[in-house]
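What follows is one structure encoded as structure tokens, with my remarks underneath.
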Amino acid sequence: MTRSCDLPGRISSRLKRYAHRMSVERFVVALGADGTLTIPAELRRLLDLDQPGTLVEVSLDESKTALQMRRYGVMDPDQAWYWTPEWQAKEREADEAYARGDFQRFYSDEEFLAALQSLVGSAGDDADDDQGDREGSNAQNAP
């Protein structure tokens, strides 16, 4: 026997949304030779992924047996450089350095600018040494 229950509208709509999420649609796709997966058109439309430049976050579940995907947003063409493999490698490198504690923290603009100036100054000293070496070698080669 099926029992019905009258729930307040707010709770009822939440349960309906939850039940809808519980229904699973499965799609089987082939992995391309270059490692690409093509998301079927129907699924792209359902997830609003059919706009060029749409970013999709892909993560591995804890058991390392399933990929999880979610729409991340749409890439601004002016920001495309950020998503290049080269830039993302630099981002990972910076994240790893931060995780190791390999960074310097500044508590004021003045402190940051002083540290930056000391780096520029030490690089300038090296450049002056190189310039002196070139002038010395030119003097030796002069007639």
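Annotations
- Each residue in the stretch 77-102 was checked for being loosely packed, with under 10 Cβ neighbours inside 10 Å and assigned to a loop (DSSP other than H, G, I, E, B), and 2 pass.
- Qualifying positions in the stretch 22-61 - among the small types (Gly, Ala, Ser) and either assigned to a strand (DSSP E or B) or in contact (Cβ under 8 Å) with a residue 40 or more places away in the chain (or both): Ser59
- Here Asp76 meets each of (1) at pLDDT below 85; (2) under 11 Å from the mean Cα position of the chain (by Cα) with one exception, condition (2).
- Residue count for the stretch 62-71 satisfying the condition of being surrounded by fewer than 12 Cβ atoms within 10 Å (Cβ to Cβ) and either of a type in the set (Ser, Thr, Tyr) or within 17 Å of Arg26 (Cα to Cα) (or both): 6.
The values are calculated or read from the model by the stated rules, or taken from the named source; none is laboratory data. Fair warning: this is a prediction, and the values are worked out from it, not measured in the lab. Positions of Cβ are generated from backbone atoms using ideal geometry, with glycine treated the same way; all protein chains shown enter the neighbour counts.
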